[in-house]
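Novice: Got a structure for you, questions after.
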Amino acid sequence: MFTGIIESVGQIAAVQMQQGDMQLYVRTGTLDLADVALGDSIATNGVCLTVIDLPGDGFWADVSRETLIHTRFESLQIGERVNLEKALLASTRMGGHIVTGHVDAIGEIVEKSQDARSIKYKVRAAASIAHYIATKGSITVDGVSLTVNYVEGDVFSLNIVPHTAAQTLLVDYQLGTKVHLEVDIIARYMERLLTAGRHENAPANEQSSGLDLAKLAEFGFLK
């Protein structure tokens, strides 16, 4: 688990294809690796990677086919910068929101403008996840925990304050930049609760009652 608060910006040092998947070497810059052990997790542009080797100035990680399918890691270039965050501890301040490091889809920057001292972005999300994104809700973009300004269909708006711009890759984005998106985990589980057991082809007596709006209202969650 992560918080979406970036600790350092690293750099891709090596990319090796291995029998259909990948091994990745990331130089971690100012990230303190003193408390990192083999098997620990480090979010890299929002993707949870497991450390398999620690050469001293970074880490090696395996990247599975499943991860390659759902991210843009297959197009990573040597020297490309990446946002880094170590897995959270029980004592960590939850400054962002609960982030799993499991990318849901790839988004695209469709507009960039200045908004006072902030940078304003509009991001187009994949249709498969657009319904999870809510105005003033949380979303993770390349591992960064951000608040959604507003939503228009499959496009959502973000403001990047100067500190976040200085500490992450977000300042570098241009029109057409592809980004990793992870929606709020609460939204995903809520959808599952509301739709569990509703299979169109199943006989009525075999369908689970699941959770619906009537039950939420009954227990006081809706008015």
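The values are calculated or read from the model by the stated rules, or taken from the named source; none is laboratory data. Fair warning: this is a prediction, and the values are worked out from it, not measured in the lab. Neighbour counts run over all protein chains shown; Cβ positions are idealised from the backbone, glycine included. Each accessible area value is taken on the protein alone, full model and side chains, heavy atoms only, with ligands, DNA and RNA left out. Shrake-Rupley method; radii C 1.70, N 1.55, O 1.52, S 1.80 Å.
Novice: If SER91 passes every condition in (1) in contact (Cβ under 8 Å) with a residue 12 or more places away in the chain; (2) hydroxyl-bearing (Ser, Thr, Tyr); (3) over 28 Å from ASP21 (Cβ atoms) but one, which one does it miss?
Specialist: (1)
Novice: So is ARG27 basic (Lys, Arg), in contact with a strand residue (DSSP E or B) (Cβ under 7 Å, 6 or more places away or on another chain) and surrounded by fewer than 16 Cβ atoms within 10 Å (Cβ to Cβ) or not?
Specialist: no
Novice: I've got another one for you. Given the structure, is THR50 open to solvent by 60 Å² or more (accessible area, probe 1.4 Å), within 22 Å of LEU169 (Cα to Cα) and outside any loop (DSSP other than H, G, I, E, B)?
Specialist: yes
Novice: Considering only the stretch 95-117, I want to know if a residue exists there that is open to solvent by 70 Å² or more (accessible area, probe 1.4 Å), closer than 19 Å to GLU191 by Cα and out of contact with any helix residue (DSSP H, G or I) (no Cβ under 9 Å at 6 or more places or on another chain). Can you show your working first?
Specialist: Our first condition is that a residue be open to solvent by 70 Å² or more (accessible area, probe 1.4 Å); within the stretch 95-117, this holds for 98, 102, 111-112, 114, 116-117.
Retained after the next criterion (residues that are closer than 19 Å to GLU191 by Cα): 98, 102.
Applying the additional criterion that residues be out of contact with any helix residue (DSSP H, G or I) (no Cβ under 9 Å at 6 or more places or on another chain) yields none.
Taking every residue of the stretch 95-117 in turn, none turns out to be open to solvent by 70 Å² or more (accessible area, probe 1.4 Å), closer than 19 Å to GLU191 by Cα and out of contact with any helix residue (DSSP H, G or I) (no Cβ under 9 Å at 6 or more places or on another chain).
Novice: I've got another one for you. From the list LEU88, LEU68, which one is of a type outside the set (Lys, Arg), within 20 Å of THR100 (Cα to Cα) and part of a loop (DSSP other than H, G, I, E, B)?
Specialist: LEU88
Novice: If you don't mind, there's one more thing I want to ask. Quick one: in the stretch 6-28, which of the residues that are modelled with pLDDT under 95 and not in a strand (DSSP E or B) is farthest from the chain's Cα centre (by Cα)?
Specialist: GLN19
For (1) on the phi > 0 side of the Ramachandran plot; (2) open to solvent by 50 Å² or more (accessible area, probe 1.4 Å); (3) in contact with a Pro (Cβ under 7 Å, 6 or more places away or on another chain), each residue gets a yes or a no:
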{"residue": "SER8", "(1), (2), (3)": "no, no, no"}
{"residue": "ASP21", "(1), (2), (3)": "no, yes, no"}
{"residue": "ASP35", "(1), (2), (3)": "no, yes, no"}
{"residue": "ALA43", "(1), (2), (3)": "no, no, no"}
{"residue": "ALA61", "(1), (2), (3)": "no, no, no"}
{"residue": "SER64", "(1), (2), (3)": "no, yes, no"}
{"residue": "GLY79", "(1), (2), (3)": "yes, no, no"}
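Novice: Can I ask one more? Contact list please: Cβ distance under 7 Å, first residue in the stretch 162-188 and over 18 Å from GLU108 (Cβ atoms), second residue open to solvent by 10 Å² or more (accessible area, probe 1.4 Å) and of a type in the set (Phe, Trp, Tyr), pairs at least six apart or on different chains.
Specialist: Hits for this filter: ASP184/TYR132; ALA187/TYR132; ARG188/TYR132.
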